[in-house]
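J.: Take a look at the following structure, please.
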Amino acid sequence: MADDHMHVQEFFGARAADWDNRFPDDGPAYAAAVAELGLQPGEAVLDAGCGTGRALPPLRDAVGPGGTVLGLDLTPEMLEAAVRAGRDRAGSLALGDVARLPLQTGALDAVFGAGLISHLPEPKANLRELARVVRPGGQLALFHPIGRAALAARQGRQIAPDDLRAEPQLRPLLAGAGWRMVSYVDEDARFLAIAVREG
């Protein structure tokens, strides 16, 4: 797992300073995905793998000033970019690993994960850890501002048949980690899967 972490940190660390400039038009897609979670004022939400914190402002808007917004990322340079962008004003930032969350069991109402699933070293165990910190009935949103086919085309490749984000793979993966998928959208303009914490 240390090698996985090092790879993720090297990949994103080298790109952090210019990340927002590379994807300047993603803001509305983030806001729309957060809106679909239906968060309520006063709730607590984690942006897991928050990167430069693009989801933090809409998450703060959703839970209001009395809510709790946490942004967690494995890459220090991404968190530094979030601070430079002023997004630390929308939520508390922490350097950390989704494999070992520094949160109590059932402490959250929801988790938002943009681009997260493809970077999890142990997807089932990592999704189970996310489930641990969410109350029963709480939600998980797995999001990407473009769909699987559009992302593959951007990267000059085909969609892999074992892509974890494909519905036939994702639904049982989530179920095995304590989540029940309740919606799934994979279109050119976005990828969004929402699951509810079982139990």
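J.: Could you tell me whether any residue of the range 149-172 is touching a residue at least 60 places away in the same chain (Cβ under 8 Å) and under 17 Å from G51 (Cβ atoms)?
T.: First, pick out the residues of the range 149-172 that are touching a residue at least 60 places away in the same chain (Cβ under 8 Å): none.
No, every residue in the range 149-172 fails to be touching a residue at least 60 places away in the same chain (Cβ under 8 Å) and under 17 Å from G51 (Cβ atoms).
J.: Run V69 past the list (1) crowded, with 23+ Cβ neighbours inside 10 Å; (2) under 22 Å from A175 (Cα atoms); (3) not small (G, A, S) and report the number of the one that doesn't hold.
T.: (2)
J.: Answer yes or no as to whether G42 is assigned to a loop (DSSP other than H, G, I, E, B) and either under 21 Å from I194 (Cα atoms) or among the basic types (K, R) (or both). I'd like the intermediate steps shown before the answer.
T.: On the way: assigned to a loop (DSSP other than H, G, I, E, B): yes; either under 21 Å from I194 (Cα atoms) or among the basic types (K, R) (or both): yes.
Answer is yes for this residue.
J.: Being of a type in the set (A, V, I, L, M, F, W, C), more than 16 Å from the chain's Cα centre (by Cα) and at pLDDT 90 or above narrows it down to one of V83, V34, V69, so name that one. Talk me through it step by step, then tell me what you get.
T.: Values: V34 fails: more than 16 Å from the chain's Cα centre (by Cα); V69 fails: more than 16 Å from the chain's Cα centre (by Cα).
Exactly one of V83, V34, V69 is of a type in the set (A, V, I, L, M, F, W, C), more than 16 Å from the chain's Cα centre (by Cα) and at pLDDT 90 or above, namely V83.
J.: Would you mind stating whether R135 is under 24 Å from G64 (Cβ atoms), in contact with a Lys or Arg (Cβ under 7 Å, 6 or more places away or on another chain), in contact (Cβ under 8 Å) with a residue 12 or more places away in the chain and open to solvent by 40 Å² or more (accessible area, probe 1.4 Å)?
T.: Yes; evaluated as a whole, the condition is true for this residue.
J.: In addition: Give me the pairs: first residue in the range 99-110 and within 12 Å of R135 (Cα to Cα), second residue modelled with pLDDT of 95 or more and not hydrophobic (A, V, I, L, M, F, W, C), beta-carbon distance under 6 Å, and six or more apart or on different chains, which are they?
T.: T105/R132; G106/R135; D109/E43; D109/G138; A110/G138; A110/Q139
J.: Related question: Is it the case, given these coordinates, that D97 is within 14 Å of the chain's Cα centre (by Cα) and among the acidic types (D, E)?
T.: So D97 fits the description; yes.
J.: I'd like the full set of residues that are closer than 17 Å to A107 by Cα and part of a helix (DSSP H, G or I), limited to the range 61-94.
T.: V63, the sole residue that qualifies.
J.: Ok, one more. So which helices (runs of 4 or more DSSP H) are wholly in the range 100-199 and hold at least 2 residues that are at pLDDT 95 or above and more than 15 Å from the chain's Cα centre (by Cα)?
T.: Values: elements: 123-132, 148-154, 167-176.
Output list reads 123-132, 167-176.
J.: Further, regarding this structure: Filter the range 73-91 for residues that are over 29 Å from A150 (Cα atoms), in contact (Cβ under 8 Å) with a residue 24 or more places away in the chain and either open to solvent by less than 20 Å² (accessible area, probe 1.4 Å) or among the hydroxyl-bearing types (S, T, Y) (or both) and give the result.
T.: A90, G91
The values are calculated or read from the model by the stated rules, or taken from the named source; none is laboratory data. Quantities reported herein were computed from a predicted structural model and do not represent experimental measurements. As a convention, Cβ positions derive from the backbone with ideal geometry for all residues, glycine included, and neighbour counts pool all protein chains shown. To get the accessible areas, we keep the full protein, side chains included, count just its heavy atoms, and leave off ligands, DNA and RNA. Shrake-Rupley method; radii C 1.70, N 1.55, O 1.52, S 1.80 Å.
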